[in-house]
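The values are calculated or read from the model by the stated rules, or taken from the named source; none is laboratory data. Note that this is a predicted model, so its numbers are computed, not measured. In this analysis, Cβ positions are derived from the backbone assuming ideal geometry, glycine residues included, and neighbour counts consider all displayed protein chains. Keep in mind that these areas ignore ligands, DNA and RNA; they rest on the heavy atoms of the full protein, side chains included. Shrake-Rupley method; radii C 1.70, N 1.55, O 1.52, S 1.80 Å.
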Amino acid sequence: MVGAVPKLRADGCADRTTSGSRGRALRIGLISALVPLSLTLVQCGNAPNPAALAANSQANVQVVAKTNPQQIASGDTFEDRFPAPQFRERFPSASESFLQRQTSDFSPKRAVQQQPEQAPYKVASLAPQVPYQRPARDDLTTLVSMKSSAFPYFGNNPASDAPFLNISKGDRRGHRSYSGRVYWQDETYSDSRVLVHVPEHFDVRKPGVIVLFFHGNGATLERDVRDRQLVPQQITDSGANAILLAPQMAIDAADSSAGKFWQAGGLKRFMDESASHLARLTGDPNSARAFANMPIVIVGYSGGFLPTAWSLEVGGISDRVRGVVLLDAVYGEMDKFASWIESHRSGFFVSSYTRGTARRDRELMSMLRQKGIGVSEDMDGPLRPGSVVFVETGDGITHRDYVNRAWTQYPLKDVLVKMSATPALALTRVATTSSSASGR
């Protein structure tokens with residue numbers, strides 16, 4: 001019993017010794033943790049020292065190397081565990097490129113209306129567009145100078161085979177007519193203009209006809225053909241798809257000379273040149289070919305019989321002529337008219353006459369009947385292919401007013417109206433003729 005008490009005391013001292021050691025270790029650990037924290041708080045607000053950071057990093061690396069040399073050998077460093085960002089996959093390769101943009105590309109821009117691009121293909125449509133749309137216009141009446149018009153003319157007179165300009169005075173040259181009167185070239189035979197009339201309703205895409213008008217003696221294009229005889233107005237008022245060409249013949253002179261229409265191929269050259277002018281005037285350059293093949297109706301009034309007859313005989317395109325109308329104009333050349341009528345039975349021929357030309361018209365009728373060609377003596381019926389009509393007018397009809405008043409008022413209008421009522425006559429395009437059907 002006496003020995004037990006000292007033992008308990010020894011155990012209590014041992015416990016106190018152990019507890020004191022543990023307390024000291026705890027206090028040391030706490031102080032070790034608080035000292036770095038206090039230093040950090042002291043330095044709060046100051047930028048870290050780069051050198052210290054580098055030293056600490058190096059020290060950490062050395063510590064890790066000493067404590068775990070296997071980890072260093074395996075390459076498990078900070079760079080290995082946290083590699084620098086790589087952006088190669090975000091940038092184009094050598095074979096690729098980004099769209100380069102300028103600073104101006106990002107600035108505000110005005111809205112600009114872009115024109116639609118022309119499609120490289122045609123789109124089907126319920127209302128397809130035609131290649132050419134005729135622009136709206138009024139009647140067009142103008143004068144056009146043409147090299148192939150009747151004058152000036154420096155060739156021969158076929159009636160005498162002598163030079164047409166058969167008289168001279170100093171530097172002036174002139175023509176002595178059958179009546180003996182002298183007309184000077186610079187005054188009477190120098191105008192190359194042609195009166196052209198295109199009605200507002202004319203459409204080159206439709207079947208049409210060209211009316212070639214040869215005026216009579218003592219006339220000018222503006223004063224007589226246009227204003228007094230109203231030839232352009234008659235063309236328009238007929239409603240036919242027709243246009244007018246009227247070359248200036250001898251200027252205000254009692255002379256029927258044909259000028260260039262005396263020459264072989266003269267009519268063809270005139271119509272070929274007129275085609276390009278008509279295409280330009282109507283606003284469609286591609287229509288020249290249509291005009292160059294369009295049927296022709298020749299109208300000769302009074303002294304205009306001479307260029308009409310020679311155009312039929314030697315003009316070179318008599319097969320394009322679908323009709324001939326003579327207005328008190330059979331003063332001669334009956335053989336040329338009879339020859340054309342006989343060889344062109346698909347065309348028509350009309351001669352209206354007064355007492356002054358009755359004898360020659362009756363002679364021409366007799367020539368045709370002898371050839372077996374039927375002749376009608378009234379204009380009451382329609383004009384048909386092969387129609388040959390002679391109409392005598394009464395005493396109240398004067399030669400001067402014949403273009404306005406013959407068998408009816410405005411005879412040219414009446415002829416065109418009758419032609420329009422017979423499409424097979426002349427208001428169709430001329431088909432390509434064979435070489436055997438060349439003009440006379």
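Among the residues of the range 344-353, are any out of contact with any Pro (no Cβ under 9 Å at 6 or more places or on another chain), surrounded by fewer than 20 Cβ atoms within 10 Å (Cβ to Cβ) and not in a loop (DSSP other than H, G, I, E, B)? Write out each step before concluding.
Keep residues of the range 344-353 that are out of contact with any Pro (no Cβ under 9 Å at 6 or more places or on another chain), which gives 344, 349, 351, 353.
After this cut, where a residue has to be surrounded by fewer than 20 Cβ atoms within 10 Å (Cβ to Cβ) as well, the list is none.
No, the range 344-353 contains no residue that is out of contact with any Pro (no Cβ under 9 Å at 6 or more places or on another chain), surrounded by fewer than 20 Cβ atoms within 10 Å (Cβ to Cβ) and not in a loop (DSSP other than H, G, I, E, B).
Just checking, which of Asp361, Asp378 is assigned to a loop (DSSP other than H, G, I, E, B) and under 27 Å from Tyr410 (Cα atoms)? Write out each step before concluding.
Numbers: Asp361 fails: assigned to a loop (DSSP other than H, G, I, E, B).
Result of the check over Asp361, Asp378: Asp378.
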Output for Cβ contacts, cut-off 8 Å, separation at least six or different chains, first residue under 15 Å from Phe348 (Cα atoms) in the range 359-379, second among the charged types (D, E, K, R) and modelled with pLDDT of 95 or more, reads Leu368/Glu342; Ile373/Glu342; Val375/Arg369; Glu377/Glu392; Met379/Asp414
Listed residues Arg360, Arg400, Arg405; which is over 47 Å from the mean Cα position of the chain (by Cα) and at pLDDT 95 or above? Arg360
Matching residues, the range 142-160, being part of a loop (DSSP other than H, G, I, E, B), surrounded by fewer than 20 Cβ atoms within 10 Å (Cβ to Cβ) and either more than 32 Å from the chain's Cα centre (by Cα) or free of Cβ contacts under 8 Å to residues at least 12 places away in the same chain (or both): Pro152, Phe154, Gly155, Pro158, Ala159, Ser160
Matching residues, the range 250-260, being open to solvent by less than 10 Å² (accessible area, probe 1.4 Å) and aliphatic (A, V, I, L, M): Ala250, Ala253, Ala258
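Quick one: how many residues across the range 391-412 are touching a strand residue (DSSP E or B) at 6+ places or on another chain (Cβ under 7 Å) and either among the hydrophobic types (A, V, I, L, M, F, W, C) or within 18 Å of Ile235 (Cβ to Cβ) (or both)?
Residues of the range 391-412 touching a strand residue (DSSP E or B) at 6+ places or on another chain (Cβ under 7 Å): 391-393, 397, 402-403, 406-407, 411-412.
From what's left, either among the hydrophobic types (A, V, I, L, M, F, W, C) or within 18 Å of Ile235 (Cβ to Cβ) (or both): 391, 397, 402-403, 406-407, 411-412.
Selection size over the range 391-412: 8.
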Output the residues belonging to the range 182-227 that are under 18 Å from Ala254 (Cα atoms) and either touching a Lys or Arg at 6+ places or on another chain (Cβ under 6 Å) or modelled with pLDDT under 95 (or both). Val182, Trp184, Gln185
Give the number of residues within the range 279-302 that are closer than 30 Å to Tyr402 by Cβ and over 15 Å from the mean Cα position of the chain (by Cα). 10
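Given the criteria surrounded by fewer than 21 Cβ atoms within 10 Å (Cβ to Cβ) and over 18 Å from Ala290 (Cα atoms), does Gly266 qualify? Before the answer, list the steps.
Values: surrounded by fewer than 21 Cβ atoms within 10 Å (Cβ to Cβ): no; over 18 Å from Ala290 (Cα atoms): yes.
No, not satisfied.
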Mind listing whichever residues of the range 161-174 are open to solvent by less than 70 Å² (accessible area, probe 1.4 Å) and farther than 18 Å from Phe214 by Cβ? Ala162, Leu165, Ile167, Gly174
Just to be sure before I move on: is Ile243 under 16 Å from Asp191 (Cβ atoms) and of a type in the set (Val, Ile, Thr) in the structure I sent? no
Which members of the range 372-409 meet the condition of being of a type in the set (S, T, N, Q) and open to solvent by 70 Å² or more (accessible area, probe 1.4 Å)? Gln409
So, of the residues in the range 219-249 that are under 18 Å from Asp139 (Cα atoms), touching a helix residue (DSSP H, G or I) at 6+ places or on another chain (Cβ under 7 Å) and among the polar types (S, T, N, Q), which turns out to be surrounded by the fewest Cβ atoms within 10 Å (Cβ to Cβ)? Ser238
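Could you tell me whether any residue of the range 279-289 is crowded, with 24+ Cβ neighbours inside 10 Å, in contact (Cβ under 8 Å) with a residue 12 or more places away in the chain and within 30 Å of Ala253 (Cβ to Cβ)? Walk me through it before giving the result.
Taking the range 279-289 first, the residues crowded, with 24+ Cβ neighbours inside 10 Å are none.
No, because not a single residue in the range 279-289 is crowded, with 24+ Cβ neighbours inside 10 Å, in contact (Cβ under 8 Å) with a residue 12 or more places away in the chain and within 30 Å of Ala253 (Cβ to Cβ).
Which of the residues that make up the range 191-218 are touching a residue at least 60 places away in the same chain (Cβ under 8 Å), open to solvent by 40 Å² or more (accessible area, probe 1.4 Å) and not charged (D, E, K, R)?
Pro207, Asn217
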